[in-house]
Amino acid sequence: MLITVVADYGVGDLAFAEVRQQFAKLMPQADVTAVPVPAFDTVSAGFCVAQLALTDGPADRIVFANVAPRADEDDPRPDNAGERLAAVRLDSGVLVVGVASGVSLSFLGEPVRAVKVADAGSQFRSRDVFPAAVAALARGEDLLGEELALPEAPHNAVVYTDGYGNLKTSWHEAPAEPGTTLPVRIGAVTAEAVISDGVFTVPAGAMSFAPGSSGWGEPFYELLLRGGSAADVFGRPAAGTPVEIVRGAAEQDRRTVGKRDDLA
């Protein structure tokens, strides 16, 4: 059995090792792997959860997500309480268990139900509380309660930045005919990209906006700077930042392209 932990503990953080130890004790037959996302980033977490849960793989795998900014309430939280744990068993057999925070579970497009487990009692719930619940669900125990309302996943936005600096987005459709060059705005930065049907169908030094390697059903579009980092060009935008296609490119003042809009 494969268990993938999607969390914001930090690359190489002790927390990942401690969570892995708990799963090794409770589910010694499981192969546990870790996928880090930026701190409190429920958009990247939600994208990774869906990418791992909805694509091809062993049917008995588990995706466990814990990004819990405890942002559901602004008042002081007694006993380290936080967002509730939720779960869904997909038709494929994949079990997804995660903290229902932000859009961590929204990309699945499936209703999730609360897990009947404490949502308080430890600062480190994903080590001290949640692994036992995951193990019980994997055994088939009925711990599911009411259905939880989830916010909508961001539309036409950055959803993840990979290790090469490619910006994966939630765009699903080409904004123009392949071969068209258009300004793309993310936050305060605008840069030109070639709308294409393949991320590498541009010369070195050019940026493409094309169907990438991620997605389920239909691929997500991503921005790739061939030989460089699209993320660096756009100032390392946070996941959830809208990706806008600037229409009427002929009327654009070309001096703004590739520069921060507020400095142009």
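The values are calculated or read from the model by the stated rules, or taken from the named source; none is laboratory data. Everything quoted here is computed from the prediction, not taken from an experiment. Note that each Cβ is placed from the backbone with ideal geometry, even for glycine, and that neighbours are counted across all protein chains shown.
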Extreme residue, farthest from A206 (Cα to Cα), among residues of region 151-172 that are over 11 Å from the mean Cα position of the chain (by Cα) and without any contact (Cβ under 8 Å) to a residue 40 or more places away in the chain
H155
Cβ pairs under 6 Å, 6+ apart or interchain, first in region 222-240 and at positive phi, second assigned to a loop (DSSP other than H, G, I, E, B), ordered by first then second residue, are G227/A204; G227/G205; G240/P154
Here is a check on your reading of the model: is A53 touching an Asp or Glu at 6+ places or on another chain (Cβ under 7 Å) and within 24 Å of L167 (Cβ to Cβ)?
no
Quick check on T181: is it outside the structural domain of C48 (by TED's automatic domain parsing), polar (S, T, N, Q) and touching a Pro at 6+ places or on another chain (Cβ under 7 Å)?
no
Report yes if V5 is modelled with pLDDT of 95 or more, within 25 Å of E147 (Cβ to Cβ) and not in a loop (DSSP other than H, G, I, E, B), otherwise no.
yes
Taking the options A210, A238, name whichever one is under 20 Å from W171 (Cα atoms), modelled with pLDDT of 95 or more and either assigned to a helix (DSSP H, G or I) or among the aliphatic types (A, V, I, L, M) (or both).
A238
Determine, yes or no, whether G145 is surrounded by fewer than 21 Cβ atoms within 10 Å (Cβ to Cβ) and closer than 30 Å to R84 by Cα.
yes
Members of region 8-25 found to be farther than 22 Å from G102 by Cα and assigned to a loop (DSSP other than H, G, I, E, B), listed by number:
G12, D13
Filtering region 93-117 for residues that are under 24 Å from E218 (Cα atoms), assigned to a loop (DSSP other than H, G, I, E, B) and touching a Pro at 6+ places or on another chain (Cβ under 8 Å) leaves a count of 2
